[in-house]
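Here the structure comes first, spelled out in structure tokens, and everything after it is commentary.
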Amino acid sequence: MAYSNWGGEVVLNHTRLIEHCDCVPKTAFNLHSNSSNIDNIIDRLYHCVLGSNLDCLVLLYKNTISAVIVNHSLIYPSDTQSEFQAMKATTAKYLFVHDEYQFEILTIDGRKIKVMFKDRFGREWIGTSGLHEGRGFSF
């Protein structure tokens, strides 16, 4: 979906997931955490929500990664934040591995971000968020 000039698209195994765009993960997927920090993060609106549980959840807003949660723990933002923020300025490809998850991140001209990963069931998640992205712009 898109609102204003910003939006996103989420694809799971080649199927678009409209319900994963422009949503609040806590209410959209009935998520709850024992961590008040994570609970606050999942109670905000994001352009793309990759994943539907706290085993692996990637949250995109505009052209940035807002948060990555793996195994119910917040792994981004963290010490790697400066690496992710530096990616915004250029077109770059970045590989990030945490536990059993491998994230491929592509920034496009500082205007869009694309994140790809496979969950523990082998399902492929792809999310693109940024300027002129999402329903009304791309399709």
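Rule-based calculations on the coordinates, nothing more; no lab input. The shown structure was predicted, so the numbers you read here are calculated from the model rather than taken from an experiment. Neighbour counts are summed over all protein chains in view; Cβ atoms, including those assigned to glycine, are modelled from backbone coordinates with ideal geometry.
For residue 56, what charge total do you get from the other residues with a beta carbon under 11 Å from its beta carbon, if Lys and Arg give +1 and Asp and Glu give -1? Once all neighbours under 11 Å are counted, the net charge is -1.
Taking Cβ atoms as reference points and 11 Å as the exclusive limit, the residues near residue 104 contribute a net charge of +2, counting Lys and Arg as +1 and Asp and Glu as -1.
This ranking places 24, 115 by how few other beta-carbon atoms lie within 10 Å of each, fewest first, which gives 24, 115.
Place a point 7 Å from the Cα of residue 123 along the Cα-to-Cβ direction; which residues of the range 44-68 have their backbone N under 14 Å from it? What the label zone holds, given the 14 Å backbone N cut-off, is 49-58.
Note on 76, 94: ascending count of other Cβ atoms within 10 Å places them as 94, 76, the fewest first. Computed over the Cα atoms of the range 2-131, pair by distinct pair, the Kirkwood hydrodynamic radius stands at 14.5 angstrom. Mean separation of Cα pairs under 8 Å and 6 or more residues apart, divided by the residue count, gives the range 2-131 a relative contact order of 24 percent.
Over what distance in Å are the Cα centres of the range 43-68 and the range 6-40 separated? That distance is 6 Å.
Just to verify a number: FRET efficiency for residue 15 and residue 36, C-beta to C-beta distance, R0 = 35 Å, to 0.05? Here the calculated transfer efficiency is 0.55. Among 27, 15, 64, 128, the order by Cβ neighbours within 10 angstrom, fewest to most, reads 15, 27, 64, 128. Bridging of residue 62 to lysines at a Cα separation below 20 Å is possible for 26, 88, 93, 112, 114, once same-chain residues fewer than 8 apart are set aside.
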